[in-house]
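So the structure is just underneath, and the comments pick up after that.
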Ligand code: 4AD
Ligand code: MG
């Protein structure tokens, strides 16, 4: 019996001499004059394919092997041999080839030709078979593993926060409503929609962040993290925004802002190091084909400290820069992507943690500084992608928090449980949110966030 192994395993020199069964999809077939064929076979276990040498003696050589086309699925039994060819350690000499499914070359679009990423988005069901999307899937998997490894090793508890919620954590009103009411026959009471007849007896939404529920658990169990899908109905058609994205949110009792920054920096460096160690072939590919600077940038980041800079100083740097920006810079205004990019790409040339933002542009839950003007917010900015992490120390003083809610037009009644955390055994605590797709964009150099999630949800697009 031959062992069923992956092509990634069969490509290693240790596999030489083994009798194996490989199963995958044909990338190319080339017939040699000597009466045999070379088949490049890929199964997604690694970027590289394996070369299968199919001798003319195979019983189905004329009927099957010689007609194999790109995209067909086959099984190959054979022996792993040392490859005489350059750039590959091994190849497989086939003793039997089984055809599972053909792919008509007249209609199968993934032939040798390279397609644009825009086109590949229209065939999201086939794009995982390309080199780029296979590599992204493997890197994404590696990042997720690294996230769990990091927090588990640090003693954090993994908590599942709800997807359906009644509270708007970010207070930005960018929520998708969840309802079972019939949109063409909405029940009304005193002229308004009667949500008491809705499934949850109140307006409810898809979550924009698991933070508020994360705080509940941190204020009981110490250090926790939540990691799941989040939803934002912001109608921004940019290369960095999705309507559905994944966010990792650690929340820590007894952490102040500097502790939060230290954790964020160690966390990012750990993810980058793991991806360089575990996905070298995929990362080489991104460095060759997508962005020639990714490897050097990542190695540089791992080896150096992030800059930590108050928002006010950033505004001074930007104003003094003499740089022409599309959006003007002034104290109190949110920084735009162009400003963030100037700081990380031109001025500091490394990741920057900006902190102490104006209180008027940040959500109600952030701790107010004594200056009365700023809050203990922090954003981690990286070259090209901009904001990758957003977080803060949380306001733990009941009176200040209630005032802040008033300032931002929020009804404290709806947040009674959140306020209870400040009524009973309140503690300083902090946390942050890392956008998974933004990290993957940064790691791979991919320009558009729609290409680093398997099935992107953006305005007007939810087909696959
Ligand atoms: O800065 P944000 O809005 O922070 C929060 O939601 C906090 N409640 C997190 C916390 O403190 N627990 O979002 C956090 C990160 C951003 O820095 C960004 O990386 C990502 O989530 N993000 C998005 N990614 C893709 N598409 C979008 N529309 C995103 N909005 C935010
Ligand atoms: Mg943010």
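Listed by first and then second residue, the pairs with beta-carbon distance under 7 Å, at least 6 apart or on different chains, first residue in region 179-193 and more than 15 Å from residue 204 (Cβ to Cβ), second in a loop (DSSP other than H, G, I, E, B), are 187/181; 187/194; 188/194.
Take residue 92 and tell me if it is touching a residue at least 60 places away in the same chain (Cβ under 8 Å) and either within 20 Å of residue 2 (Cβ to Cβ) or touching a helix residue (DSSP H, G or I) at 6+ places or on another chain (Cβ under 9 Å) (or both).
Yes.
If I ask for residues that are within 16 Å of ligand 2 (Cβ to nearest atom) and in contact with a helix residue (DSSP H, G or I) (Cβ under 8 Å, 6 or more places away or on another chain), which ones from region 419-464 would you list? Within region 419-464, 430, 431, 432, 433, 434, 436, 437, 438, 439, 441, 449 meet the criteria. Would you point out which residue out of 75, 44 is surrounded by 14 or more Cβ atoms within 10 Å (Cβ to Cβ) and part of a loop (DSSP other than H, G, I, E, B)? Being surrounded by 14 or more Cβ atoms within 10 Å (Cβ to Cβ) and part of a loop (DSSP other than H, G, I, E, B) holds for just one of 75, 44, which is 44. If the condition is being assigned to a helix (DSSP H, G or I) and touching a residue at least 40 places away in the same chain (Cβ under 8 Å), then region 267-283 contributes 267, 268, 270, 271, 272, 274, 275, 278, 281, 282, 283. Note on region 1-36: residues that are in a helix (DSSP H, G or I) and over 21 Å from residue 281 (Cβ atoms) total 0. Taking the criterion of being modelled with pLDDT of 95 or more, exposed (fewer than 13 other Cβ atoms within 10 Å of the Cβ) and not in a helix (DSSP H, G or I), the only residue of region 294-320 that qualifies is 305.
So residue 155 clears everything in (1) touching a strand residue (DSSP E or B) at 6+ places or on another chain (Cβ under 8 Å); (2) at negative phi; (3) at pLDDT 95 or above except one condition, right? Which one? All conditions are met except number (2).
Residues in region 231-262 that are assigned to a helix (DSSP H, G or I) and either in contact (Cβ under 8 Å) with a residue 40 or more places away in the chain or not assigned by TED's automatic domain parsing to the domain that holds residue 427 (or both): 4 in all. Checked against (1) closer than 30 Å to residue 356 by Cβ; (2) away from ligand 1 (no atom under 11 Å from the Cβ); (3) not in a strand (DSSP E or B), residue 228 meets all criteria but (3).
Scanning region 200-218 for residues that are more than 16 Å from ligand 2 (Cβ to nearest atom), on the phi < 0 side of the Ramachandran plot and out of contact with any strand residue (DSSP E or B) (no Cβ under 6 Å at 6 or more places or on another chain) yields 200, 202, 203, 213, 216.
Per-residue answers, yes or no, for (1) within 25 Å of residue 143 (Cβ to Cβ); (2) buried (at least 21 other Cβ atoms within 10 Å of the Cβ):
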| residue | (1), (2) |
| --- | --- |
| 194 | no, no |
| 208 | yes, yes |
| 241 | yes, no |
| 252 | yes, yes |
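The values are calculated or read from the model by the stated rules, or taken from the named source; none is laboratory data. Please read these numbers as outputs of a predicted model, since none were measured by experiment. Cβ atoms come from the backbone with ideal geometry, glycine included; neighbour counts cover every protein chain shown.
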